[in-house]
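Data block below; observations after.
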Amino acid sequence: MATAELIRIVSRSSPMALAQVERVRAELADLHPGLRTQVVPVTTSGDRWMGDLARLGGKGAFTKEVDAALLAGEADVAVHCLKDVPADRPLPAGTVFSAYLRRDDIRDALIHPEGLTLDQLPAGTRIGTSSVRRIAQLAASHPHLTCVPMRGNANSRLAKLAAGEADALLLAVSGLERIGEEARITDVLGVDTMCPPIGAGILVLQCREGDTATIDAVTGLGHHDTWREAAAERMFLHVLQGHCNSPIAGYAKAEADGRLSLRGRVFSPDGKRVLDAHEWAGALDPEDLGTSVALALKRQGAQELIANIPH
């Protein structure tokens, strides 16, 4: 069996993406001490475009160029944040996910320069976020706050906050930890307050289908419980056929004793309608659990709710 000697890792060129690649390189070095790795950075259309993501074709804007480099043979492995990989369409033909890394924190964090928590923010506070998931949940729980559109990577959002474009920011805890900015967090929001996006906190490695040497080299980085959680969540999103303007949230949790649960939520953009379902897998496999929770929400009217949101 051929073994890989050099693995070229393609990634978005933002500081966070490159930090994620460094984690993969470090884990690969531990697993295969003799293996060499090389970084192939690309800038995606999603990184260049600061407008509405839906106009670029949604989340795929962050993965398209990375996929192209992989398929063209310019790189061997792509590192993705799973939450940025669309679940409403299959992976590009000829590619597979070869490892789901151990999951990081799935929660969102508030950053407020004066150290206030979410519940302490006064009426009219401008929260910088373009996430329909965050906007809908804030509208439901904290309607006195105002969301102002803010895109760009975490570093550029922190710079916009410093420049006064917003009074506070909502960002993923895991992302802030990856770029070494967790000290700025003033409030970590529980999943009941801010339900996370599908795939939160999960890094996934993608390879060319026939590249068995690379797949064999990286498979050992995979974490079984993370794979189970990801499989349930992605099937949930797939069955709902959400688009990038759908406020859909949810998370699966694998317990130490092997049990698996999934909570799924769908919101109207104004937060006035909240659909909620929470089920345990029992004997179901992860994909069946995802399907079951999605169908529970469809019975509550999720399909019409999603269909009525322009995209």
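The values are calculated or read from the model by the stated rules, or taken from the named source; none is laboratory data. Nothing here was measured: the structure is a model prediction, and the numbers come from that model. Note that we place each Cβ from the backbone using ideal geometry, even for glycine, and neighbour counts take in every protein chain shown.
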Test: Thr44 is in contact with a Lys or Arg (Cβ under 7 Å, 6 or more places away or on another chain) and at pLDDT below 90: yes
Among the candidates Glu22, Glu27, residue that is modelled with pLDDT of 90 or more, part of a helix (DSSP H, G or I) and more than 19 Å from the chain's Cα centre (by Cα): Glu27
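Which one of Leu161, Leu176, Leu170, Leu189 is in contact with a helix residue (DSSP H, G or I) (Cβ under 8 Å, 6 or more places away or on another chain), over 22 Å from Gly264 (Cα atoms), buried (at least 17 other Cβ atoms within 10 Å of the Cβ) and modelled with pLDDT of 95 or more?
Leu176
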Residues of region 86-103 satisfying the condition of being of a type in the set (D, E, K, R) and surrounded by fewer than 20 Cβ atoms within 10 Å (Cβ to Cβ): Asp88, Arg89, Arg102
Cβ-Cβ under 8 Å pairs, at least 6 apart or on other chains, region 105-120 side closer than 16 Å to Gly190 by Cβ, far side surrounded by fewer than 16 Cβ atoms within 10 Å (Cβ to Cβ) and of a type in the set (Ser, Thr, Tyr): Leu110/Thr117
Selection count where residues are modelled with pLDDT of 95 or more, touching a strand residue (DSSP E or B) at 6+ places or on another chain (Cβ under 9 Å) and not in a helix (DSSP H, G or I), scope region 130-147: 4
Residue within region 253-263 that is surrounded by fewer than 21 Cβ atoms within 10 Å (Cβ to Cβ), modelled with pLDDT of 95 or more, among the polar types (S, T, N, Q) and over 30 Å from Ala72 (Cα atoms) present: yes
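Right, Arg133: among the charged types (D, E, K, R), closer than 16 Å to Asp104 by Cβ and not assigned by TED's automatic domain parsing to the domain that holds Ser246 or not?
It is false that Arg133 is among the charged types (D, E, K, R), closer than 16 Å to Asp104 by Cβ and not assigned by TED's automatic domain parsing to the domain that holds Ser246.
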Residues (assigned to a loop (DSSP other than H, G, I, E, B) and either surrounded by fewer than 17 Cβ atoms within 10 Å (Cβ to Cβ) or in contact with a helix residue (DSSP H, G or I) (Cβ under 8 Å, 6 or more places away or on another chain) (or both)) located in region 197-217: Pro197, Ile198, Gly199, Ala200, Gly201, Ile202, Glu209, Gly210
The one condition in (1) within 18 Å of the chain's Cα centre (by Cα); (2) farther than 30 Å from Gly220 by Cβ that Leu118 fails to fulfil: (1)
Of residues in region 276-293 being in a strand (DSSP E or B) and more than 21 Å from the chain's Cα centre (by Cα), the one nearest to Ile306 (Cα to Cα): Glu279
